[in-house]
Amino acid sequence: MELQNIAVVGATGYSGEELIRILMRHPGVELVAVTSRQHAGETIETVFPKFQAHKFGTLKFIQSEARAVIASGAKFAFLALPHGLAHEFAQPLLAAGVRVIDLSADFRLKDEDVYRDYYEHEHPVPELLRESVYGMPEIYREQIRGAKLVASPGCYPTSIILPLFPLLKQRLLDPKSIVISSLSGVSGAGRRAEIDYLFVECNESVRAYSVPKHRHLAEVEQELSEAAGEEVVVSFTPHLIPVNRGICTTIYAQPRPDITAAEISNSLFDAYASEVFVRLQGEKRCADIKNVTHSNFIDIAWRHDPRTGRAVLMSAIDNLLKGASGQAVQSFNLMCGWPESVAL
């Protein structure tokens, strides 16, 4: 396994911290640059004492500047930045021959008009929207292998798209009937100091937010429409729950006429039985956050409700791993021609 020089841009957020943890144990990685405006000049192990005496623990953070990342000799760059900043790095890095894996939402949408609608400003480099590959390995594996720019999916979309994609592709569900409810841990909001995310505001409480138009809805509908071969519009309600990490999603949908519960079950097994990071719980168990936290797995379960005739799909992921850093490393492994499970 040939060592690859890697940079992590924005390495002190929750996703950046998880990336460092994964890459420290990756046998094919030489971590050559980590960036942080706040902690430039400090070592990784100073900012994150958990990494003391670990590989790369004494590497110092550098300023978050594209030219500094290029000068480090990095061949791959993970962009673990807040939305709206990744394009400032992606464009010069790509021009310098660095392959980019972006964990933000900057390059997930293909339609710049949809981007404007959801993010309320023009996309600064719309040509990169057409170049990027949506980084969901279970669906876009071959495209990811040769990609120069991978747009790693959001956490909610990962928990929604994977259960629905094969069923819509095989036209087993009525796409107009889909209703989704998701619950996320507080780390999904990122490492930032805001009143809404203080312990006393979140603990012993559950609340919906961003109703009826969460930004992740755009990529959900984009990918579900791709699967169905027609425009798909869904109802989606996210909730904040008082746990550190994890997403639990429940999806309700009406099967098309004459579609049986067995056909839905068979479709999911056909799509995912051989996938290393998809665990099918079938019709006996439910997806549970506690079984996936600190892992790159998605657990998927399903039921047929004979009273309503609806299919009920359930999933659970760790929002910081399968919903962010773990899935990004899964794509990185594909881009290098390695098994997807390396270091995961």
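The values are calculated or read from the model by the stated rules, or taken from the named source; none is laboratory data. Values in this document were obtained by computation on a predicted structure and should not be read as measured data. All Cβ positions, glycine included, derive from the backbone under ideal geometry; neighbour counts span all protein chains shown.
In table form, for the structure just shown:
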| quantity | calculated |
| --- | --- |
| Count of residues meeting criterion [modelled with pLDDT of 95 or more and assigned to a helix (DSSP H, G or I)] in the range 92-112 | 4 |
| Tally, over the range 1-52, of residues that are farther than 25 Å from H83 by Cβ and in contact with a Pro (Cβ under 9 Å, 6 or more places away or on another chain) | 2 |
| Complete set of residues in the range 93-106 that are farther than 14 Å from R215 by Cβ and touching a strand residue (DSSP E or B) at 6+ places or on another chain (Cβ under 7 Å) | L93, L94, V98, R99, V100, I101, D102, L103 |
| Top-ranked residue in the range 191-224 [being part of a loop (DSSP other than H, G, I, E, B) and touching a Gly at 6+ places or on another chain (Cβ under 9 Å); ranked as surrounded by the fewest Cβ atoms within 10 Å (Cβ to Cβ)] | R192 |
| Index of the failed condition, D113 passing every other in (1) closer than 28 Å to M136 by Cβ; (2) touching a residue at least 12 places away in the same chain (Cβ under 8 Å); (3) acidic (D, E) | (2) |
| Qualifying positions in the range 31-57 - in a strand (DSSP E or B) and under 25 Å from the mean Cα position of the chain (by Cα) | L31, V32, A33, V34, T35 |
| Cross-chain or 6+ apart pairs with Cβ under 9 Å, the range 117-130 first and under 20 Å from L94 (Cβ atoms), then among the basic types (K, R) and in a helix (DSSP H, G or I) | E122/R116; H123/R116 |
| Restricting the range 150-190 to residues that are basic (K, R) and part of a helix (DSSP H, G or I), the residue that is nearest to G323 (Cα to Cα) | K169 |
| Residues (under 17 Å from G13 (Cβ atoms), buried (at least 16 other Cβ atoms within 10 Å of the Cβ) and not β-branched (V, I, T)) located in the range 24-53 | M24, L31, A33, S36, H39, F48, F51 |
| Among the residues listed as V342, V276, V292, the single one being crowded, with 24+ Cβ neighbours inside 10 Å, among the β-branched types (V, I, T) and modelled with pLDDT of 95 or more | V292 |
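This table checks each residue for (1) crowded, with 22+ Cβ neighbours inside 10 Å; (2) at pLDDT below 95; (3) not basic (K, R).
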position: N5; (1), (2), (3): no, no, yes
position: R21; (1), (2), (3): no, no, no
position: E65; (1), (2), (3): no, yes, yes
position: V69; (1), (2), (3): yes, no, yes
